[in-house]
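Asker: Here it is, the structure in full.
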Amino acid sequence: MYNFISMAKVKYYYDTNTLSYKRIELNTIQKVKKGFFFTLSSTIFAVVIIISYLYFFDSPKEKRLKQENQFLSNNYNDLQQKISKIEDVMEDMQIRDDNIYRVIFEADPIPNSIRKAGFGGINRYEKYRGYNTSELVTNTAKKIDQISKQIYIQSKSFDNIIELAKNKSKMLAAIPAIQPIENKDLKRIASGYGYRIHPIYKIRKMHYGIDFTAKTGTPIYATGNGVVDKVSYERGYGYHVVINHGYGYKTLYAHLRNLKISKVNDNGEKIITKIQKGDKVNRGDVIGHVGNTGISSGPHLHYEVIKNGVKINPVNYFFNDLSPKQYEEILNLASQKNQSFD
Ligand SMILES: [Zn+2]
């Protein structure tokens, strides 16, 4: 029969035989046991504290990892946006390839099933699975793969076209391929092909050409070799000239100041003469000057490209004097839905 009194670390018991308190002497096993339970309970306590701390707060290492993860996700998003831009450029290139280059050289367009074909095999992106960012990484990888494939198909198509073009230098000289006025910084494109607000009638109307603003008297150039097909004055176009380039192509230049051009005669003298139907012109020859005749809201050149009787978007026929970057810029400028000059 013991009664324990615990006082600090020394423990006593009441000896009923001697009617006195006696000190408890622990043997070694008991000491070890006590030490063990003490260590165990403090460890459990510490673990509980640490776990609850980690549950509510990140360790510095976790914090850094989380930041790194965020950084990676953000950059993958940026990458995806950049890839989307490349896809747009590829798409433009494919459209030009199918609708212009391959048409010019009478090659069949490349079917979408080939251009847009995916990759076989479901396990291709397996290695990216199992993480929070898996979808992002997989999508990025897929897009890059698709672009690589499209570039390969595109380059094959260009090889094919180069081969076809070798024997068509006459045709290439005839097809409209430059801008009809000097436009180095591209600031002259005022309105593009498509639906635009008409400057006089103030209604939405189809605008069948591109307007270049320039001072009255600015020289206008033939955009390809050909023969002058029409020289005339009409209420809408004012003074205008049409060139027939052959191969189904015609170009129209409207709102000219007048129909006079300067020419060098057989004696080598410069003379002012009227441009006439039947005149032969080469790409880059001056065929008139910017004016404001006809229905026009200010001095400008209205330029049209006509293929087999259909007025098409001239923006795709400046390829001789545009770098890819300028082409992109000009596409942008010509697609702005501003008012036309008509
Ligand atoms: Zn116009």
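The values are calculated or read from the model by the stated rules, or taken from the named source; none is laboratory data. Remember, it's a predicted structure, so these values are computed and weren't measured experimentally. Here Cβ is always computed from backbone atoms with ideal geometry, including for glycine, and neighbour counts include all displayed protein chains. Side chains are part of the model used for accessible areas, which takes the heavy atoms of the whole protein and leaves out ligands, DNA and RNA. Shrake-Rupley method; radii C 1.70, N 1.55, O 1.52, S 1.80 Å.
Asker: Just grab the label-to-label distance for residue 54 and residue 16, each label 7 Å out from Cα along the Cβ direction, in nm (one decimal).
Answerer: Each label point is offset 7 Å from its Cα along the Cβ direction, giving 5.1 nm.
Asker: What shape does segment 65-189 have by the C-alpha gyration tensor, where a ≥ b ≥ c are the square roots of the eigenvalues, rounded means a/c under 1.5, and otherwise prolate means a/b greater than b/c and oblate the rest?
Answerer: Oblate.
Asker: So what is the 222 nm mean residue ellipticity for the chain from helices alone, if each DSSP H run of at least 4 adds -39500 (n - 2.57) and you divide by all residues, rounding to the nearest 500 deg cm²/dmol?
Answerer: -12000 deg cm²/dmol
Asker: Another one. Projecting each Cα onto the charge dipole of the chain (Lys/Arg +1, Asp/Glu -1 at the beta carbon, about the Cα centre), which of 261, 180, 80 comes out farthest on the positive side?
Answerer: Farthest along the dipole direction, towards plus: 80.
Asker: Oh, and also: With angles folded into 0 to 90 degrees, how steeply does helix 324-334 sit against the dominant principal axis of the chain? Use alpha carbons for both and round to 10.
Answerer: The angle comes out near 80 degrees.
Asker: Arranged from highest to lowest average of other beta-carbon atoms within 10 Å per residue, in what order do the peptides 281-287, 39-45 appear?
Answerer: 281-287, 39-45
Asker: Given the options 157, 95, 146, identify the residue whose Cα lies farthest towards the positive end of the charge dipole of the chain (+1 on Cβ of Lys, Arg; -1 on Cβ of Asp, Glu).
Answerer: So the residue furthest toward the plus end is 146.
Asker: Another question about this same structure. Measuring from centroid to centroid over Cα atoms, what is the spacing of segment 156-209 and segment 76-137 in Å?
Answerer: Between the Cα centres of segment 156-209 and segment 76-137 lies a distance of 26 Å.
Asker: Tell me whether segment 4-56 comes out rounded, prolate or oblate; compute the Cα gyration tensor, take square roots of the eigenvalues as a ≥ b ≥ c, and use a/c under 1.5 as the rounded threshold.
Answerer: prolate
Asker: Choose one of 218, 288, 322: the residue whose Cα lies farthest towards the positive end of the charge dipole of the chain (beta-carbon charges +1 Lys, Arg; -1 Asp, Glu; about the Cα centre).
Answerer: About the Cα centre, the residue reaching furthest to the positive side is 322.
Asker: Next up: Helix 134-165: angle to the longest alpha-carbon principal axis of the chain, degrees 0 to 90, nearest 10?
Answerer: That helix lies at roughly 20 degrees to the long axis.
Asker: So how do 22-33, 327-338 stack up, highest first, on mean other-Cβ count within 10 Å?
Answerer: With the highest mean Cβ count within 10 Å placed first, the list reads 327-338, 22-33.
Asker: For a paramagnetic label modelled at 7 Å from the Cα of residue 337 toward its Cβ, which residues of segment 207-225 fall within the zone defined by backbone nitrogen distances under 16 Å?
Answerer: Within reach of a label on residue 337: 207.
Asker: Another question, if that's okay. So how tilted is helix 60-96 from the main axis of the chain? Cα-based, degrees 0 to 90, rounded to 10.
Answerer: Tilt relative to the chain: about 20 degrees.
Asker: Given 0.36 nm per residue, what is the gain on full extension from residue 247 to residue 68 after removing their alpha carbon distance, in nm?
Answerer: My answer for the length gained is 58.5 nm.
Asker: Could you go through segment 243-255 in sequence order and give the Karplus-derived ³J(HN,Hα) for each residue, using 6.51 cos²θ - 1.76 cosθ + 1.60 with θ = phi - 60°, rounded to whole Hz, and x for Gly and Pro?
Answerer: 10, 9, 9, x, 6, x, 9, 10, 10, 10, 10, 10, 6
Asker: Tell me, what HN-Hα J-couplings in whole Hz come from the Karplus equation 6.51 cos²θ - 1.76 cosθ + 1.60 at θ = phi - 60° for each residue of segment 282-293, using x for Gly and Pro?
Answerer: Ordered by residue, 3J(HN,Hα) equals 10, 3, x, 5, 6, 10, x, 9, 4, x, 9, 8 Hz.
Asker: Going through the cross-link list 85/156; 61/143; 143/325; 187/260; 168/325; 202/274, which pairs have a Cα-Cα distance over 29 Å in this structure? Spell out each step's value before the answer.
Answerer: Working: 85/156 22 Å; 61/143 33 Å; 143/325 23 Å; 187/260 26 Å; 168/325 27 Å; 202/274 35 Å.
The pairs that break the limit, which is 29 Å between Cα atoms, are 61/143; 202/274.
Asker: Starting at the first residue of segment 273-280, write each ³J(HN,Hα) from the Karplus equation 6.51 cos²θ - 1.76 cosθ + 1.60 with θ = phi - 60°, in whole Hz, x for Gly and Pro.
Answerer: Calculated HN-Hα couplings, in order: 9, 8, 6, 10, 4, x, 4, 8 Hz.
Asker: What accessible area per residue comes out for the chain, rounded to a whole number of Å², with a 1.4 Å probe?
Answerer: Value for the chain: 64 Å² per residue.
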